[in-house]
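Notes follow once the structure below has been shown.
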Amino acid sequence: MLDIKFIRENKDLVAMGAKKKHIDFDVEALIKIDDKRKELILSIDQKRSEQNEVSQKIVSISDPAQKSQMIAEMKVLKESLQKEEEELKTVMHDWQVLMVAVPNIPDVSVPEGVDDKDNREVKVWGEKPKFDFEPKDHIELMTNLGMLDLERGTKVAGFRGYFLKGDGVRLMNALWNFTQEYFYKKGADGNNWTPMIVPSLLKREVFMGTGYLPQGEEDLYKTQDGDYLAGTAEVATMGYYMDEVLEKKDLPLKMLSFSPAFRREAGSHGKDTRGILRVHEFYKYEQVVLCEASHEESVKYHEEIQRNSEEITEALGLHYHVVANCGGDLGLGQVKKYDIEVWLPSENTYRETGSASYFHDFQTRRLNIRYRDDDGKMKFVHSLNNTALSGRPLIMIVENYQNADGSITIPEVLRPYMGGQTVISKK
RNA sequence: GGAGGUGUCGCAUAGUGGUCUAGUGCGCUCGUCUUGAAAACGAGAGUGCCGCAAGGCACCGUGAGUUCGAAUCCCACCACCUCCGCCA
């Protein structure tokens, strides 16, 4: 959500931003409703003021005739007050609906474009692996090595269901531990990341706050109690400080949150139907940062959390590139986003393993997360997030580190977490 | 799941229809006094909305009511606490 005052003063900017994101939004319609809102509030406040004043007087009046006269007058005032309050309620409803639909303004550095095909490559690291044999995909490799069971996965959990087992679990756990240690070591220079295990079953409110609702209803699983399952730990982590006033000295707050992630994948029925590249349920470590309300701070930490994911990917020895997402590929609240995409041999292309974005105060305004700045004013903090590690790097490792005999060499940095084991081969 | 209780300005409390636009204590800020500190004394201090301003309005868990007037009464919901049941 943006500040209505800001919208009023920068309506062209807001309109241009929406256009760059390829989102239809009528700024003029919002301003028109806001005019009505202001007009009603003014009138209601005046009437309440009068009511308060007369109510005070009624107490001290002893003449019964005069008293009932005043009460009668107040009854009339009350009626018109109620009418206007009713009207305001309707206006406020419409106003809110429009306000949560106002897209945040993308940064000038965001490339123009409609969808992910227009994303711009900004970095490449490493090289494509060369195989002197026909490389297999992760399904074949993992199934053969007893790391994955898709047949029983679908038997038990339905489409996109899977069991990870054996060395698949050990390798995955090694990745979790490696990631955790990576961020723990960052803490050594006072740059503290707080590890958290956060809930995934959350109230609707928090999804509204993070901007996943009301637009993304289809993508979320919903319970019969009206709660939703989160597709990322970002949601719960952002909700953690909802309705709180933070201390400036505690900023930035950096959180490394672990949680299961649930995705309906409603819009991607035909996509990635084989294997575990796209699943309904997986685990993920997410980086979430809350910082001071300045664009420079946001940019600084955006680069930092992006770099963290790059370093992890580099340590794993995976060839990747980074794209700056184009306007049309940005979410409603995002100002700018980088995707990190790792080379997947079986598809002969890069596939996303992480997504780093910043929001300015778009989310924190909805969630009401503030701090008092040095100038004494309350401000909404800025928020950012990025994947630290999801389940996908497991697939990338398996495919990129495969050997001719179908075994998998374990990346060096993970070996300490697997008892020094160097290769996963058929038992 | 059942029964009961509680939810007030950072914290603790007072307040059961009209000087409560919320009192008091602690804490906080500023000042007086003091070589300095403590103590004492005095003053001040919340958040949001509208407004150039003066000022006005809203906020006593949330929402919806009754009333000329609600922290106070009615209803629903939420959170927490205690006990019982169930499960781990």
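The values are calculated or read from the model by the stated rules, or taken from the named source; none is laboratory data. None of these values were measured; they are calculated from a predicted model. Every residue, glycine as well, gets a Cβ built from its backbone with ideal geometry; the counts of neighbours run over all protein chains shown.
At a glance:
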item	result
From the options A:Tyr371, A:Tyr358, residue that is out of contact with any His (no Cβ under 6 Å at 6 or more places or on another chain), in contact (Cβ under 8 Å) with a residue 12 or more places away in the chain, assigned by TED's automatic domain parsing to the domain that holds A:Lys271 and crowded, with 21+ Cβ neighbours inside 10 Å	A:Tyr371
Residue pairs meeting the criteria (Cβ under 7 Å; at least 6 apart or on separate chains; first on the phi < 0 side of the Ramachandran plot and modelled with pLDDT of 95 or more, in the stretch A:88-116; second within 16 Å of RNA strand B (Cβ to nearest atom) and aromatic (Phe, Trp, Tyr))	A:Asn104/A:Phe362
Among residues of the stretch A:51-81, those that are under 30 Å from A:Lys32 (Cβ atoms) and near RNA strand B (Cβ under 8 Å from one of its atoms), counted	4
Residue list for the stretch A:230-285, restricted to those being assigned to a helix (DSSP H, G or I), crowded, with 17+ Cβ neighbours inside 10 Å and either among the acidic types (Asp, Glu) or within 16 Å of RNA strand B (Cβ to nearest atom) (or both)	A:Glu234, A:Ala236, A:Gly239, A:Tyr240
A:Val323 β-branched (Val, Ile, Thr), farther than 18 Å from A:His360 by Cβ and either in contact with a strand residue (DSSP E or B) (Cβ under 6 Å, 6 or more places away or on another chain) or in contact (Cβ under 8 Å) with a residue 60 or more places away in the chain (or both)	yes
In the stretch A:298-330, the residues that are crowded, with 21+ Cβ neighbours inside 10 Å and small (Gly, Ala, Ser)	A:Ser298, A:Ser309, A:Gly327
Options A:Lys426, A:Lys377; residue that is surrounded by fewer than 16 Cβ atoms within 10 Å (Cβ to Cβ) and either aliphatic (A, V, I, L, M) or under 15 Å from A:Arg170 (Cα atoms) (or both)	A:Lys426
Single match in A:Val54, A:Val91, A:Val59, A:Val102 (criterion: among the aliphatic types (A, V, I, L, M), under 22 Å from A:Leu213 (Cα atoms) and more than 21 Å from the chain's Cα centre (by Cα))	A:Val91
Leading residue by the ranking (surrounded by the most Cβ atoms within 10 Å (Cβ to Cβ)) among those in the stretch A:118-141 that are assigned to a helix (DSSP H, G or I) and out of contact with any Asp or Glu (no Cβ under 9 Å at 6 or more places or on another chain)	A:Ile139
Subset tally (residues that are closer than 15 Å to A:Pro106 by Cβ and touching a helix residue (DSSP H, G or I) at 6+ places or on another chain (Cβ under 6 Å)) for the stretch A:1-52	6
Cβ-Cβ under 9 Å pairs, at least 6 apart or on other chains, the stretch A:44-55 side polar (S, T, N, Q), far side more than 6 Å from RNA strand B (Cβ to nearest atom)	A:Gln51/A:Leu77; A:Gln51/A:Leu81
The stretch A:1-30 residues that are over 19 Å from A:Phe380 (Cβ atoms) and outside the structural domain of A:Phe359 (by TED's automatic domain parsing), paired with ones that are in a loop (DSSP other than H, G, I, E, B) and within 16 Å of RNA strand B (Cβ to nearest atom) (beta carbon under 9 Å, 6 or more apart)	A:Ala18/A:Val102; A:Phe25/A:Val102; A:Val27/A:Val102; A:Leu30/A:Val102
Residue list for the stretch A:300-323, restricted to those being out of contact with any Lys or Arg (no Cβ under 8 Å at 6 or more places or on another chain) and aliphatic (A, V, I, L, M)	A:Ile305, A:Ile312, A:Ala315, A:Leu316, A:Leu318
